1. Where residues in the range 128-160 are in a helix (DSSP H, G or I) and out of contact with any Ser or Thr (no Cβ under 9 Å at 6 or more places or on another chain), which of them is modelled with the highest pLDDT?
2. Scan the range 57-78 residue by residue and report those that are part of a helix (DSSP H, G or I) and not β-branched (Val, Ile, Thr).
3. Might you check whether a residue that is closer than 23 Å to Phe99 by Cα, of a type in the set (D, E, K, R) and touching a Cys at 6+ places or on another chain (Cβ under 9 Å) occurs anywhere in the range 171-187?
4. Every residue in the range 90-113 that is more than 9 Å from the ligand (Cβ to nearest atom), of a type in the set (S, T, N, Q) and closer than 23 Å to Leu262 by Cβ, please.
5. Just to be sure before I move on: is Glu197 charged (D, E, K, R) and near the ligand (Cβ under 8 Å from one of its atoms) in the structure I sent?
6. Report, by residue number, each residue of the range 5-39 that is within 23 Å of Val112 (Cα to Cα) and touching a Phe, Trp or Tyr at 6+ places or on another chain (Cβ under 8 Å).
7. Search the range 242-283 for residues being part of a loop (DSSP other than H, G, I, E, B), among the hydrophobic types (A, V, I, L, M, F, W, C) and more than 14 Å from the chain's Cα centre (by Cα), and hand back the single one that is farthest from Val31 (Cα to Cα).
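The values are calculated or read from the model by the stated rules, or taken from the named source; none is laboratory data. Values in this document were obtained by computation on a predicted structure and should not be read as measured data. Every residue, glycine among them, receives a Cβ derived from its backbone with ideal geometry; neighbour counts consider all protein chains shown.
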Amino acid sequence: MSNLTKPAWAGENLLSQFVNLLIHTPPIYAVMKHQARQVLIKTAEKNGVPWRQRSEDLANSGIQSHLSQITNPTVTYPDYYQVPFHAYSQGNLCWQAAFEAESATYSMGLRVWPQEHLTWQEAQARLRGSFHQVLANHLTQPIRDILDIGCSVGISTLTLHQYYQQTQGTSIRTVGLDLSPYMLTIAQLRDTHREIEWLHAQAEATGLPDRSFDLVTLQFVTHELPRTATQAIFQEAWRLLRTGGVLAIVDNNPKSPVIQNLPPVLFTLMKSTEPWSDDYYTFDLEAAMETIGFEQVTTLASDPRHRTILGHKLQ
Ligand SMILES: C[S@@+](CC[C@H](N)C(=O)[O-])C[C@H]1O[C@@H](n2cnc3c(N)ncnc32)[C@H](O)[C@@H]1O
């Protein structure tokens with residue numbers, strides 16, 4: 001059965017095509033991109049996220065010299081990854097994107113409960129906590145090895161690792177994997193207790209051994225991918241999971257009234273800065289997981305904007 005309910009602004013209809021035309025008209029796109037960025041930064045700073053200060057501090061910290069240590073020179077970048085993204089012309093493959101990723105993540109948390117006037121710390125804890133709780137309710141066996149795919153600067157990875165370390169009381173091995181060595185350099189800097197193994201690799205072909213993880217997560221990654229990449233990553237997650245293991249995804253919920261009713265300005269800005277949005281909102285993730293072999297595929301609205309999708313590898 002299809003789980004697909006796409007918002008009206010995604011896909012092939014007239015509204016969606018009109019928005020796509022604006023996005024593909026360079027002078028209009030340039031203005032939209034600039035505007036989106038200004039609004040994002042101002043809103044974040046108004047809510048206490050020190051966006052420009054943190055970025056400046058990182059830029060002046062000398063961390064750039066650590067890039068070569070984490071970079072795997074054999075990694076190749078797929079075409080879909082090398083397009084402008086989030087208003088950065090080099091997408092995730094630049095320092096500016098990495099220096100601003102923490103602030104962008106904290107701002108994302110703040111957008112989930114706008115009426116509740118949470119601090120960014122409270123919103124972030126609640127965002128992660130709702131995912132961890134849904135996942136914990138569906139786990140049937142203990143977790144020893146975790147892979148966080150698309151870990152970015154490590155916020156999702158560290159909170160996940162600490163959650164299982166505390167709740168299970170046993171030693172957990174966690175790997176944070178990303179295709180951007182810039183993001184990973186910042187992740188490593190943030191991992192002050194050296195709790196995580198940071199890996200520069202393509203999620204579609206990680207090079208990690210078969211059946212070596214109990215839990216693979218994709219947190220806020222799939223909406224940034226074309227469906228062909230998502231399918232390939234699901235296949236790789238299947239290979240990496242042990243029997244009884246779980247693939248857990250948290251991302252924008254196409255069925256959420258908030259997403260369905262995003263004001264035109266917001267969805268236009270979103271589509272203009274996340275080029276694979278249409279592909280995500282018109283793709284049946286659950287069906288794709290089932291095709292690969294995942295069973296008991298379950299979707300829950302884990303917060304007002306996001307869904308958590310879980311699939312079990314039972315063979
Ligand atoms: C929005 S960020 C994820 C944020 C993070 N997981 C969190 O919850 O805070 C998406 C990340 O996915 C990474 N990514 C995208 N495509 C990838 C791929 N094919 N392989 C590995 N990482 C990828 C990007 O570099 C980016 O850092």
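1. Thr159
2. Asp57, Leu58, Ala59, Gln64, Ser65, His66, Leu67, Ser68, Gln69
3. Yes.
4. Answer for the range 90-113, where residues must be more than 9 Å from the ligand (Cβ to nearest atom), of a type in the set (S, T, N, Q) and closer than 23 Å to Leu262 by Cβ: Ser103, Ser107.
5. Judged against the criteria, Glu197 is not a match.
6. Those that are within 23 Å of Val112 (Cα to Cα) and touching a Phe, Trp or Tyr at 6+ places or on another chain (Cβ under 8 Å): Lys6, Pro7, Trp9, Ala10.
7. Per the criteria, the residue is Phe283.
A quick yes/no check of all residues on (1) in contact (Cβ under 8 Å) with a residue 60 or more places away in the chain; (2) crowded, with 16+ Cβ neighbours inside 10 Å; (3) more than 16 Å from the ligand (Cβ to nearest atom):
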| residue | (1), (2), (3) |
| --- | --- |
| Lys46 | no, no, yes |
| Asp57 | no, no, yes |
| Thr76 | yes, no, no |
| Val83 | yes, no, no |
| His86 | yes, yes, no |
